[in-house]
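A.B. asks: Here it is, the structure, as structure tokens.
The values are calculated or read from the model by the stated rules, or taken from the named source; none is laboratory data. Because the structure is a prediction, the values reported are computed rather than measured. Because the Cβ atoms are built from the backbone with ideal geometry, glycine has one as well, and the counts that use them run over all protein chains shown. When the accessible area is computed, the model is the full protein with side chains, heavy atoms only, and any ligands, DNA or RNA have been set aside. Shrake-Rupley method; radii C 1.70, N 1.55, O 1.52, S 1.80 Å.
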Amino acid sequence: MVTIGAIIYEPGSSIRNKTGSWRVFRPILDADKCIKCENCYIFCPEGAIQEVDGKFTINYDYCKGCLICVNECPVNAITKVREGK
Amino acid sequence: MKFLKNLKNINYGEIMQFPREEYFAPGHRGCAGCGAAIVARLVLKAAGKDTICTNATGCLEVMTTPYPETAWRVPWIHTAFENSAAVASGVESAIKALRRKRGKFNKKINVIAFGGDGGTADIGFQALSGAMERGHDIVYIMYDNEAYMNTGVQRSGSTPLMAATTTSPAGSKIRGEDRPKKDMPLIMAAHGIPYVATACISYPEDFMNKVKKACEIEGPAYIQVLQPCTTGWGYPAEKTIEIGRLAVETGIWPLYEIENGEFRLTYKPAKRKPIKEYIRMQKRYRHLTDEDIERLQKYIDERCRELGL
Amino acid sequence: MIEIRFHGRGGQGAVTAAQILAKAAFYDGKYCQAFPFFGVERRGAPVMAFTRIDDKKIRLRCQIYEPDYVVVQDATLLDSVDVTSGLKNDGKVIINTVKDIKLGDYDTYCIDATGIALDVLGVPIVNTTMLGAFAGVTGEVSIESLKKAIMETFPAKLGEKNAKAAEVAYEAMIEKYKK
Amino acid sequence: MCKVKVITGTSAAAEAAKLADVDVIAAYPITPQTTCVEKLAEFVANGELDAEFIKVESEHSAMSACIGASATGARTFTATASQGLALMHEMLFIAAGMRLPIVMMNANRALSAPINIWNDQQDSISQRDTGWIQFYVEDNQETLDTILQAYRIGEHEDVLLPVMVNLDGFILTHTVEPVTIPSEENAKAFVGVYEPKHAYLDPDRPITQGCVGVPECYMETRYAVEKAMENAKKVIKEIHDEFAEKFKRSYGNGLIEEYNMENADTVIVAMGSVCGTIKEVIDRLKEKGKEVGLLRVRCYRPFPAEDIAKALKDAENIAVLDKNISLGINKGALYLDLASTVRDKKVVNYIVGLGGRDIRIEDIEKIISHVEVAKDGETAWIGLKE
């Protein structure tokens with residue numbers, strides 16, 4: 001059943017769509033090198049980088065592998081590897 | 001520390017800790033490295049929960065709301081391509097009326113209209129001009145990726161000089177877009193509205209502070225945020241922020257605000273970088289010769305001089 | 001049902017006159033309808049407006065082709081407009097003129113409405129004056145209802161003056177044409 | 001206490017919007033609708049109506065702003081005509097698809113070219129597939145009454161559709177006649193307050209309106225509008241009856257009105273103000289011993305096919321009057337709809353009154369005598385000059 005006027009009542013329901021499957025390269029964040037500048041956090045188009053218990057981690061369910069985080073990390077704490085390798 | 005270094009030049013004082021609330025959910029269908037998604041994320045972080053958004057047809061709308069899924073965690077409405085500002089006028093007026101007559105909306109609510117450059121500078125121009133002139137308390141965000149990206153990179157009024165698009169191709173006779181970028185911020189400023197600003201996603205604090213200011217100011221506000229597009233501009237996805245930064249550092253996209261008619265640069269590069277660095281990273285400019293770039297450099301130099309950059 | 005056609009010039013208030021007449025008839029307890037000739041004419045051009053009055057609800061929506069009465073607000077119109085066009089054989093014409101004229105075989109009633117308007121209102125706007133003349137000649141509406149409709153149409157002072165102008169014309173016509 | 005005022009159709013529309021206590025008006029002036037928005041602006045300026053009046057820069061923005069306001073939960077009104085309605089075209093589909101019960105007065109006027117400010121019904125007929133409920137009224141009183149009913153109908157949970165109330169340009173919009181204006185109290189008791197459950201933007205309930213209708217859901221949304229149209233037929237009758245009981249004025253059964261149909265072999269089918277003239281002609285013929293009926297289609301969308309078929313079951317000669325023309329098939333829209341409803345009967349189409357061509361008493365008489373000898377499926381243009 002489509003809702004009246006095709007209204008979507010569940011905010012942020014796009015989370016059901018796991019875009020992590022789009023990834024070709026995987027960014028890997030080395031928490032020891034991280035200086036918490038928040039560059040990766042704020043520039044991620046997916047909001048896939050989260051702060052958990054004071055540490056930044058990458059949510060691979062949604063990370064599309066754009067690698068902006070790799071490019072923007074000022075201390076090279078994030079590196080990339082090919083998916084499936 | 002590229003980014004932190006940039007911040008020192010911004011006039012807003014303390015480095016902010018970015019709000020952790022996310023009102024723009026993951027799982028949207030934007031390209032990897034999408035600048036428009038960054039725009040939406042930053043705007044909502046700055047504006048907060050008590051916000052209603054309107055959206056013109058375009059990339060941002062299409063990629064965020066294929067039924068039955070939405071990336072939006074604030075109330076959001078899309079109707080058509082050319083009328084985001086008109087719809088926002090209706091939303092804002094309804095809030096006013098229902099607040100006054102029925103005691104609803106008992107808090108400040110930000111009404112934010114999103115439109116791409118086509119939906120703003122071209123087909124949506126009349127509706128935008130009308131809404132601004134009428135003085136609605138709305139914030140209009142033009143996410144500027146300098147062409148019609150949703151339909152496959154056709155030129156818009158906001159496409160810059162010499163950029164190649166599918167409708168301003170680099171041919172043997174015409175070298176890409178033959179007209180300069182339409183100066184929307186100044187056109188909006190000419191409406192006499194209280195707040196106009198330019199921004200770039202590569203400078204998130206600057207951008208978010210401007211969004212906050214625009215929300216706080218009563219009356220219409222217009223922010224044009226440059227948002228590099230990996231698909232339309234032709235560069236690797238990881239360069240989205242870097243290219244945006246170069247647009248600002250070269251003076252191609254100056255960051256300023258016009259508050260109650262007063263112009264102020266919000267960021268001034270210590271020394272402007274040559275535009276060649278920016279140009280050579282993008283396929284849309286690959287047809288340019290060194291002479292072309294030199295001509296373009298002169299044009300940018302002239303504009304920067306006018307702005308005091 | 002009676003049908004009235006007003007001839008005037010754009011800006012002289014012919015449409016307002018037709019509407020006031022309809023309202024006056026309504027105050028007399030009748031049904032009414034008034035409408036302009038839907039043209040593109042601007043100020044100064046010859047224009048027409050119409051009123052229907054009946055004892056029962058008026059349903060006709062066509063234009064008026066065979067009026068019972070014609071009211072001519074400006075005698076200069078006679079040179080360019082066939083004001084008696086379609087007028088019923090026993091129809092009456094009321095004209096604003098300083099002369100005494102007769103149009104064809106029609107009962108023609110002349111009044112110096114401009115003179116009255118200048119006297120009473122201080123401006124040569126004759127629409128309300130002509131309505132007074134119409135009431136005096138035809139008796140189709142009462143002067144009381146007419147004055148009420150006029151007062152309701154214009155703001156206070158102006159309403160009173162216009163009602164006065166109508167009354168002066170009304171009495172002048174009764175005086176002039178009393179049998 | 002109700003009062004009677006001698007007013008134009010556009011004023012009657014404005015009075016109705018005021019009585020419905022609308023929250024937001026967004027409108028752009030256009031002949032012959034103008035006096036409606038002027039009146040509303042006056043009401044708002046004088047504080048007689050507490051509403052936001054958005055003086056938009058075009059009809060497209062008028063409908064866009066109405067959609068934004070209605071989607072925020074406000075009762076919304078607009079008015080337009082002709083080219084303005086055509087400019088709104090895109091947004092009309094959207095208002096209906098988003099299920100927003102906006103009410104609009106349309107002053108029926110011809111479409112360019114050549115530019116023509118006078119009456120016909122081509123403008124709204126051209127919007128018949130947009131998903132708007134469409135009424136065509138006969139007089140100024142019905143304009144007011146129908147707008148009041150329109151809010152109830154559009155906002156009804158089984159309907160949730162926008163409603164267009166069409167009145168003939170100039171013939172009604174610029175004609176004054178007595179109109180009974182209900183008391184504010186009675187009107188409010190009838191119209192009620194708009195409290196949408198489906199669509200309203202509120203930060204405390206973050207919904208997404210106007211999503212991308214992917215192929216997996218688009219057909220279903222269209223079908224839902226069709227179902228709502230079907231539901232509307234019942235709702236329109238119910239609300240009409242409730243109105244009739246409360247205000248002692250009725251318009252047939254709300255969908256159609258039958259006039260002198262009992263003994264008439266010849267029936268005219270028409271919409272709008274011309275029905276008044278037709279009734280007058282019917283009465284005059286009756287005095288001469290001739291019986292002719294009128295079937296007035298008050299509600300054109302949803303199309304009351306069942307009611308029409310039933311009403312015409314004994315008719316032999318059916319004359320359908322259209323103030324519009326579907327170019328390329330030489331038929332009017334009402335005829336085409338009716339011909340798909342009424343089979344095995346003689347139905348003749350008359351194209352009348354385009355661009356302000358007056359429909360005179362003789363024209364109606366001519367149609368009546370013509371239809372009795374005409375062939376099924378014929379089309380005749382009435383009043384056309386050689």
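A.B. asks: Can you count the Lys pairs in the stretch C:1-160 with C-alpha separation below 21 Å, eight or more apart or on different chains?
C.D. replies: Counting lysine pairs in the stretch C:1-160 gives 14.
A.B. asks: Just the number, please: carbon plus sulfur as a percent of the accessible area of chain B, 1.4 Å probe, no ligands or DNA/RNA counted. Intermediate results must be reported in sequence, preceding the final value.
C.D. replies: Details: 5690 of 10870 Å².
Carbon plus sulfur share of accessible area: 52 percent.
A.B. asks: Nearest 100 Å² is fine: how much accessible area is buried between D and A, summed over both sides, with a 1.4 Å probe?
C.D. replies: Working: alone 16280 and 6220 Å², together 21540 Å².
Looking at D and A, the buried total is near 1000 Å².
A.B. asks: Per DSSP helix of 4 or more residues, -39500 (n - 2.57); summed, then divided by the residues of the protein assembly as shown. What does that give at 222 nm, rounded to the nearest 500?
C.D. replies: On the way: 29 runs with 336 residues, N = 959.
Roughly -11000 deg cm²/dmol at 222 nm, from the helical runs in the protein assembly as shown.
A.B. asks: Now, a different point. Just check the stretch B:42-140 against the gyration tensor rule for me: Cα atoms, a ≥ b ≥ c as the square roots of the eigenvalues, rounded for a/c under 1.5, and otherwise prolate or oblate depending on whether a/b exceeds b/c.
C.D. replies: Numbers: a/c = 1.90, a/b = 1.19, b/c = 1.60.
Here the stretch B:42-140 falls in the oblate category.
A.B. asks: As a test, work out the antiparallel percent of DSSP beta bridges whose residues both lie in the protein assembly as shown, rounded to the nearest 5. Before the final figure, lay out the partial values.
C.D. replies: Working: 48 of 126 bridges.
Expressed as a percentage, antiparallel bridges in the protein assembly as shown total about 40.
A.B. asks: Calculate how many DSSP beta bridges within chain B are antiparallel, expressed in % of all such bridges and rounded to the nearest 5. Spell out each step's value before the answer.
C.D. replies: On the way: 10 of 35 bridges.
Roughly 30 percent of the beta bridges in chain B run antiparallel, per DSSP.
A.B. asks: Follow-up. Which residues in the stretch D:55-90 have a backbone N closer than 19 Å to a point placed 7 Å from the Cα of B:D50 along the Cα-to-Cβ line?
C.D. replies: Backbone N within reach: D:72-73.
A.B. asks: Less than 16 Å from a label point 7 Å out along the Cα-to-Cβ axis of B:Y299: which backbone N atoms in the stretch B:136-156 qualify, by residue?
C.D. replies: From the stretch B:136-156, the list is B:146-147, B:155-156.
A.B. asks: Between B:I201 and residues 5 or more places away or on another chain, which pairs have amide H atoms under 5 Å apart, with H built 1.01 Å from N, and which residues are they?
C.D. replies: Residues meeting the criterion, in which the H sits 1.01 Å from N, are B:L226.
A.B. asks: What ranking of B:D290, D:D123 comes out by heavy-atom accessible area, probe 1.4 Å, highest first? The partial results should precede the final answer.
C.D. replies: Numbers: B:D290 75, D:D123 0 Å².
In descending accessible area the options line up as B:D290, D:D123.
A.B. asks: To continue, here is another question. Excluding residues on the same chain fewer than 8 positions from B:K239, give the lysines whose Cα lies under 20 Å from its Cα.
C.D. replies: A:K64, A:K80, B:K2, B:K5, B:K273, B:K276, B:K283
A.B. asks: Relative contact order for chain D: what is it in percent, counting Cα pairs under 8 Å that are at least 6 residues apart?
C.D. replies: Working: 828 pairs, mean separation 62.3, N = 386.
Over chain D, the number comes to 16 percent.
A.B. asks: To the nearest hundred square angstrom, how large is the accessible surface buried between D and B, total for both chains, probe 1.4 angstrom? Spell out each step's value before the answer.
C.D. replies: Numbers: alone 16280 and 14010 Å², together 27070 Å².
Rounded to the nearest hundred, the buried surface is 3200 Å².
A.B. asks: Please give the helix D:9-19 orientation as an angle from the longest Cα principal axis of chain D, in degrees from 0 to 90, rounded to the nearest 10.
C.D. replies: With both axes taken from Cα atoms, the answer is about 40 degrees.
A.B. asks: Need one word for the stretch B:35-307: rounded, prolate or oblate. Basis is the Cα gyration tensor (sqrt eigenvalues a ≥ b ≥ c); a/c below 1.5 gives rounded, then a/b vs b/c decides. Walk me through the intermediate numbers first.
C.D. replies: On the way: a/c = 1.97, a/b = 1.62, b/c = 1.21.
It comes out prolate by the Cα gyration axes.
A.B. asks: Compute for chains B and A the buried accessible surface, both sides summed, probe 1.4 Å, and express it in Å² to the nearest 100. Walk me through the numbers before you get to the answer.
C.D. replies: Working: alone 14010 and 6220 Å², together 16950 Å².
So the total buried area for this chain pair works out to about 3300 Å².
A.B. asks: Ignoring ligands, DNA and RNA, how do D:M219, A:M1 rank by accessible area with a 1.4 Å probe, largest first? Don't skip to the answer; put the middle values down first.
C.D. replies: Working: D:M219 150, A:M1 225 Å².
I get A:M1, D:M219, largest accessible area first.
A.B. asks: Please report the net charge: other residues with Cβ closer than 12 Å to the Cβ of C:V70, K and R +1, D and E -1.
C.D. replies: Within the 12 Å Cβ shell, the charges total -2.
A.B. asks: State, to one decimal in nm, how far the label point of D:E157 lies from the label point of B:L307, with both points 7 Å from Cα in the Cβ direction.
C.D. replies: Here the answer is 5.6 nm between the modelled labels.
A.B. asks: Amide H to amide H under 5 Å from C:D107: which residues, 5+ apart in sequence or cross-chain, H placed 1.01 Å off N in plane?
C.D. replies: Distant-sequence amide H within range of C:D107: C:V93.
A.B. asks: Any idea what angle helix B:84-102 forms with the longest principal axis of chain B, computed on alpha-carbon atoms, 0 to 90 degrees, nearest 10?
C.D. replies: 20
A.B. asks: Counting only other chains, what is the mean number of Cβ atoms within 10 angstrom of the Cβ of each residue in peptide B:236-243? Mind showing how you got there, number by number?
C.D. replies: On the way: counts 3, 9, 11, 5, 7, 8, 3, 0.
Mean shielding by partner chains, rounded to a whole number: 6.
A.B. asks: Can you tell which of B:A40, B:P204, D:A150 lies farthest toward the positive end of the dipole of the protein assembly as shown, using +1 and -1 charges on the Cβ of basic and acidic side chains (Lys, Arg; Asp, Glu)?
C.D. replies: B:P204
A.B. asks: Also, I was wondering about something else. Can you give the accessible area of A:R82, probe radius 1.4 Å, in Å² rounded to 10?
C.D. replies: Spelled out: A:R82, probe radius 1.4 Å, area about 120 Å².
A.B. asks: Partner chain Cβ atoms within 10 Å, averaged over the residues of A:28-41 - can you pull that number for me?
C.D. replies: Details: counts 0, 0, 0, 0, 0, 0, 0, 2, 1, 6, 7, 6, 1, 3.
Per residue, the average neighbour count from other chains is 2.
A.B. asks: Take the solvent-accessible surface of the protein heavy atoms, probe 1.4 Å, and return the percent of it on chain D that carbon and sulfur atoms account for. Mind dumping the intermediate values first?
C.D. replies: Numbers: 6690 of 13290 Å².
The C+S portion of the solvent-accessible surface of chain D is 50 percent.
A.B. asks: Still on this structure: In whole Hz and in residue order, list the ³J(HN,Hα) couplings for the stretch D:246-253 that follow from phi through the Karplus curve 6.51 cos²θ - 1.76 cosθ + 1.60, θ = phi - 60°; x for Gly and Pro.
C.D. replies: Taking θ as phi minus 60°, the curve returns 6, 10, 6, 9, 9, 10, x, 9 Hz for the stretch D:246-253.
A.B. asks: Continuing with this model, one more query. Can you pull the mean other chain C-beta count within 10 Å for peptide C:55-67? Display every interim value, and only then the final one.
C.D. replies: Numbers: counts 0, 0, 6, 6, 12, 8, 19, 15, 5, 0, 4, 0, 0.
Partner Cβ neighbours, averaged per residue: 6.
A.B. asks: Comparing the chain by itself with all protein chains present, which residues of the stretch D:258-281 are at least 40 Å² less accessible (probe 1.4 Å)?
C.D. replies: Output list: D:T277, D:E280.
A.B. asks: Follow-up question, since we're still on this one. Running a GNM on chain D with Cα contacts under 10 Å, which residue among D:Q33, D:Q209, D:Q83 ends up with the highest mean-square fluctuation?
C.D. replies: D:Q209
A.B. asks: Could you sort C:Y106, B:Y195, C:Y27 by accessible area so the largest value comes first, with the probe set to 1.4 Å?
C.D. replies: Details: C:Y106 40, B:Y195 0, C:Y27 65 Å².
Per-residue accessible area, sorted high to low, gives C:Y27, C:Y106, B:Y195.
A.B. asks: Same structure, new question: Counting only the heavy atoms of the protein chains, how much of D:D21 is accessible to a 1.4 Å probe, in Å² to the nearest 10?
C.D. replies: 50
A.B. asks: Okay, next question. Given a 1.4 angstrom probe, what's the average accessible area per residue across the protein assembly as shown, in square angstrom?
C.D. replies: On the way: 36210 Å² over 959 residues.
Result: 38 Å² per residue.
A.B. asks: Ok, one more. Nearest-5 percent of antiparallel DSSP beta bridges in chain D?
C.D. replies: Numbers: 13 of 50 bridges.
The antiparallel fraction comes to roughly 25 percent.
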